[in-house]
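Colleague: Take a look at this one; I'll ask things after.
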Amino acid sequence: MAACPPGCVSAGGGSYTVLIVPLKTPLNTLDGMRFFLWLKGLKDLEQEKDSLWCGAGDLEQTRLWYRRRLDHNRALRLCLEARGTTNNQQHTGNLTPLSLSLSLSLSLSLSYG
């Protein structure tokens, strides 16, 4: 997935080039107004496209962050399982393996938030 374009800002906050096109007919005619509205629609579509690209980039970064956290938590769980529960019981008291896993995952997730 592509990242945000350079200078990506929130919707409506970007700067766009103004194009002045000489018309064969005045703006207050039907053809002139139709052309103006067509150009305005193109500009609005361009702004919407830029906003969508920025949102897609943000979603991709968030997905990668969660993927790294899940991989880290999985590795930690495997490490704790490899040690066995006897070494961990002195630090965890009477916690069950499931509550231990949830507690570790939650504390690690919050510490990196």
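Colleague: Can you find, within region 17-35, the residue that is modelled with the highest pLDDT among those that are in a loop (DSSP other than H, G, I, E, B) and surrounded by 10 or more Cβ atoms within 10 Å (Cβ to Cβ)?
Modeller: Among residues in region 17-35 that are in a loop (DSSP other than H, G, I, E, B) and surrounded by 10 or more Cβ atoms within 10 Å (Cβ to Cβ), the one modelled with the highest pLDDT is Thr29.
Matching residues to (1) at pLDDT 70 or above; (2) loosely packed, with under 10 Cβ neighbours inside 10 Å; (3) in contact with a Cys (Cβ under 8 Å, 6 or more places away or on another chain):
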residue	(1), (2), (3)
Ser15	no, yes, no
Leu39	yes, no, no
Glu46	yes, no, no
Leu70	yes, no, no
His91	no, yes, no
Leu106	no, no, no
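The values are calculated or read from the model by the stated rules, or taken from the named source; none is laboratory data. Source: prediction; values computed, not measured. Here the Cβ is made from the backbone with ideal geometry for all residues, glycine too, and neighbour counts use every protein chain on show.
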